[in-house]
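What follows is a single structure, written as structure tokens, with notes after it.
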Amino acid sequence: MARYNGPKQKKARSFGEPIYGFSKAFEKKKYAPGMHGQTRKRKQRSNYAIQLMEKQKAKYTYGVLERQFRNMFEVASHKHGVTGTVLLQLLESRLDNTVFRLGIAPTRRAARQLVSHRHVVVNGVLTNVPSYHLRPGDVVEVRGQSKELDLIREQVGKKTDVKKFGWLEFNPDKMRGTFLSYPEREQIPEKLNEQLIVELYSK
């Protein structure tokens, strides 16, 4: 399965949550998409359908492919700790997600593009793999020449409140951030029920 490149808010409406961030389009139509809109009666979902939707929501939120997501779950299931929490920590430690959280890019999709286009270095090494997993202490920085790009300067100039992400530290003047530690579950703002995902894969 390829990454979803269709209408973002249509997908967000299908999950009933603004998974791509605040949007006036979503606020205008919070009901599920479809020609019948709110009048359509929807059948009660089975447990499997609910678990599957939660997994799909996590995938679309973080922009991860099915095989990547499954592999991350396998890694999480073999690590010490609560599997669901470890899975979210692995998703949060992805390079593209961290670039987004630091406020260098407005969305995860934009962050993935910045990384792929060689605008980001990790520990002084140019890294163009969005799925690269960071470890505590890793330093993420905008590449020297790229710091002059208007798009990056404008985004960093918006002064995103990185302090609300306690596992990250960011210096906007140097466009340099540090991945301090893996986040605790309560620090991760995404509204996901990771236990449903664990139950789905455990069948």
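Bear in mind these aren't lab numbers, they're just calculated from the coordinates by the rules spelled out. Everything quoted here is computed from the prediction, not taken from an experiment. Virtual Cβ from ideal backbone geometry, glycine too; neighbours counted across all protein chains shown.
Taking K and R as +1 and D and E as -1, what net charge do the other residues with C-beta under 13 Å from the C-beta of Val99 add up to? Each step should come with its number before you reach the end.
Working: positive: Arg94, Arg101, Arg108, Arg109, Arg112, Arg118, Arg143, Arg176; negative: Glu92, Asp96, Asp138, Glu141.
Neighbourhood net charge equals +4.
Using a 10 Å cut-off around each Cβ, can you sort Val82, Val125, Val115 from fewest to most neighbouring Cβ atoms? List each step's numbers first, then the result.
Numbers: Val82 15, Val125 6, Val115 25.
Starting with the residue having the fewest Cβ neighbours, the order is Val125, Val82, Val115.
So which of Lys55/Lys163; Lys57/Lys203; Lys43/Lys203; Lys55/Lys191; Lys57/Lys191 end up more than 21 Å apart, counting from Cα to Cα?
On the way: Lys55/Lys163 28 Å; Lys57/Lys203 19 Å; Lys43/Lys203 23 Å; Lys55/Lys191 12 Å; Lys57/Lys191 10 Å.
Among Lys55/Lys163; Lys57/Lys203; Lys43/Lys203; Lys55/Lys191; Lys57/Lys191, the Cα-Cα distance tops 21 Å for Lys55/Lys163; Lys43/Lys203.
Over the stretch 94-181, calculate the relative contact order: mean separation of alpha carbon pairs under 8 Å at least 6 apart, over the residue count, as a percent.
Working: 152 pairs, mean separation 26.8, N = 88.
Result for the stretch 94-181 is 30 percent.
What is the order of Phe69, Phe179, fewest Cβ neighbours within 10 Å to most?
On the way: Phe69 20, Phe179 24.
Listed from fewest to most nearby Cβ atoms, that is Phe69, Phe179.
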